[in-house]
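The values are calculated or read from the model by the stated rules, or taken from the named source; none is laboratory data. Everything numeric in this text was worked out from a predicted model, so none of it was measured. When we count neighbours, we look across all protein chains shown, and the Cβ atoms used for this are built from the backbone with ideal geometry, even at glycine.
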Amino acid sequence: MSTKNLTSKEAIKKMTTLVDDIKTAMLLTDLKKQPISAIPMTTKEVDEEGNIWFLSGLNSEHNSNIVKNPQVQLLYSDPSGMEFISIYGMASVITDKAKLKNLYTNLDDAWFDGEDDPNLTAIKITPKEAYYWDTKQNKYVGLFKMGLAAASGNKADVGEKGKLNL
């Protein structure tokens with residue numbers, strides 16, 4: 001696996017591609033406590049600056065954790081597509097009505113009473129750094145390449161990994 005570390009716009013583009021492909025993340029809050037608090041969240045948007053947006057309940061445990069300590073980690077995993085990304089950043093709870101309206105869809109009615117629900121907030125994650133693993137091919141091609149490498153004594157290039165400095 002080759003290593004490709006990226007910065008600035010290239011890093012945001014790579015992160016956005018992986019996040020858009022996977023969509024659901026485990027949001028880890030209260031990182032200094034054991035066990036770490038984790039909850040699955042569906043990504044609503046990655047904006048042009050690379051901020052990652054979610055919708056959340058005002059009185060939720062993860063919102064409370066973010067107010068106490070804004071350091072968070074997001075873990076996105078797609079084993080079938082062999083794409084993975086771990087993102088470390090700072091979170092904030094947002095109550096701006098225009099932003100909430102922009103992020104809200106009918107699917108969110110399962111959790112909220114519409115875009116004017118007083119319990120509705122957004123979580124904005126500002127990534128600081130991330131690590132990714134991306135094979136760019138399905139697992140069978142990767143296994144085939146590894147088998148060829150083992151038989152020939154060469155190294156297999158089954159994709160790329162790297163650090164994203166955001």
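Mind checking whether some residue in segment 106-123 is under 23 Å from ALA11 (Cβ atoms), of a type in the set (D, E, K, R) and outside any helix (DSSP H, G or I)?
Looking through segment 106-123, none of the residues is under 23 Å from ALA11 (Cβ atoms), of a type in the set (D, E, K, R) and outside any helix (DSSP H, G or I).
Only residues in segment 67-88 that are more than 17 Å from GLY162 (Cα to Cα) count as the first member; pair them with residues that are surrounded by fewer than 17 Cβ atoms within 10 Å (Cβ to Cβ), Cβ under 6 angstrom, at least 6 apart or cross-chain, and list the lot.
PRO70/MET90; GLN71/LEU31
Can you find a residue in segment 51-65 that is free of Cβ contacts under 8 Å to residues at least 40 places away in the same chain, under 15 Å from THR126 (Cα atoms) and not β-branched (Val, Ile, Thr)?
No: zero hits.
In the set THR42, THR7, THR17, which member is of a type in the set (Ser, Thr, Tyr) and within 22 Å of ALA110 (Cβ to Cβ)?
Result: THR42 is the single residue among THR42, THR7, THR17 that is of a type in the set (Ser, Thr, Tyr) and within 22 Å of ALA110 (Cβ to Cβ).
Residue by residue through segment 89-114, note down the ones that are among the charged types (D, E, K, R) and in contact with a strand residue (DSSP E or B) (Cβ under 7 Å, 6 or more places away or on another chain).
Going residue by residue through segment 89-114, those that are among the charged types (D, E, K, R) are 96-97, 99, 101, 108-109, 113.
Within segment 89-114, LYS99, ASP108 qualify.
Can you name the number of the only condition in (1) surrounded by 17 or more Cβ atoms within 10 Å (Cβ to Cβ); (2) within 20 Å of LEU103 (Cα to Cα) that MET82 fails?
(2)
Being hydrophobic (A, V, I, L, M, F, W, C) and under 15 Å from the mean Cα position of the chain (by Cα) is the filter here; which residues of segment 45-81 pass it?
Selection gives VAL46, ILE52, TRP53, PHE54, LEU55, VAL72, LEU74, LEU75.
Looking only at segment 21-37, count how many residues are part of a strand (DSSP E or B) and either within 13 Å of the chain's Cα centre (by Cα) or modelled with pLDDT under 95 (or both).
Summing the residues that are part of a strand (DSSP E or B) and either within 13 Å of the chain's Cα centre (by Cα) or modelled with pLDDT under 95 (or both) in segment 21-37 gives 6.
In segment 47-56, is there at least one residue being surrounded by fewer than 15 Cβ atoms within 10 Å (Cβ to Cβ), in contact with a strand residue (DSSP E or B) (Cβ under 8 Å, 6 or more places away or on another chain) and assigned to a strand (DSSP E or B)?
no
For the structure I just gave you, tell me whether LEU166 is out of contact with any Cys (no Cβ under 7 Å at 6 or more places or on another chain), surrounded by 19 or more Cβ atoms within 10 Å (Cβ to Cβ) and modelled with pLDDT under 85. Reasoning before the result, please.
Working: out of contact with any Cys (no Cβ under 7 Å at 6 or more places or on another chain): yes; surrounded by 19 or more Cβ atoms within 10 Å (Cβ to Cβ): yes; modelled with pLDDT under 85: yes.
Yes, satisfied.
Can you find even one residue in segment 5-16 that is modelled with pLDDT under 95, assigned to a strand (DSSP E or B) and under 19 Å from LEU164 (Cα atoms)?
yes
Looking at segment 17-38, is at least one residue in contact with a Ser or Thr (Cβ under 6 Å, 6 or more places away or on another chain), on the phi > 0 side of the Ramachandran plot and surrounded by fewer than 13 Cβ atoms within 10 Å (Cβ to Cβ)?
Checking segment 17-38: at least one residue is in contact with a Ser or Thr (Cβ under 6 Å, 6 or more places away or on another chain), on the phi > 0 side of the Ramachandran plot and surrounded by fewer than 13 Cβ atoms within 10 Å (Cβ to Cβ).
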